[in-house]
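What follows is a single structure, and I will ask about it in a moment.
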Amino acid sequence: MVVSGAATRTLRIPAEVARMGELRAFVRSSADAAGLAPAAVADLVQAVDEAATNIIVHGYEGTAGEILAHARRRNGRMEVRLIDWCRPFDPTAVPEPDLSIPPLERKPGGMGVHLMRAGADAVHHRVRPDGGNELTIVRVIDRQPGED
């Protein structure tokens, strides 16, 4: 279900991989409406996809749950906030992978957080007082493709 307000759009979905298409469409339409360039929209969609997949697979670990997503444009930035009710986990504390190791020689996994960071200008985490996590993924709206 998508709820739109003047400043914030909201989507609540079951924490199921099969529902990720809805979340990607929600982020894409919110980012388009906010005026992000197509390359920035794609980056943000991928960053949110990686974060939500980690919530589903590693946070809920196959149990029932929900993801609440809020999207808003604020101060020249697009912010997507994901809320879950999983045990606390801070992806911002995960070390960067060793990219000097050839991909076929790396252990499987461990790239989701890296891809999330690569698609965002900032990632913020906080443990919610009533339980769960709040992850905010930020993309600057007027940043040009290829700028770092």
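The values are calculated or read from the model by the stated rules, or taken from the named source; none is laboratory data. Note that the coordinates shown come from a computational prediction; the quantities given were computed from them, not determined experimentally. The area values use the complete protein model at the heavy-atom level, side chains included, leaving out ligands, DNA and RNA. Shrake-Rupley method; radii C 1.70, N 1.55, O 1.52, S 1.80 Å.
Percent of accessible area on the stretch 1-131 owned by carbon and sulfur, 1.4 Å probe?
Answer for the stretch 1-131 is 57 percent, counting heavy atoms of protein chains only.
Averaged per residue, what accessible surface does the chain expose to a 1.4 Å probe, in Å²?
55 Å²
Over all directions, the average projected area of the alpha-carbon convex hull for the stretch 56-99 comes to how many nm²?
If I average the Cα hull's projected area over directions, I get 4.9 nm².
Sum -39500 (n - 2.57) across every DSSP H segment of at least 4 residues in the chain, then divide by the residue count to get the 222 nm mean residue ellipticity, nearest 500.
-8500 deg cm²/dmol
Turning to a different aspect of this structure: Could you please tell me the mean projected area of the C-alpha convex hull for the stretch 1-64, averaged over all directions and given in square nanometres to one decimal?
Approximately 4.4 nm², given one-decimal rounding.
Here is a further query. For the stretch 17-148, restrict the atom set to alpha-carbon positions and state the Rg and Dmax in Å.
Rg and Dmax of the stretch 17-148, Cα atoms, are 14.7, 42 Å.
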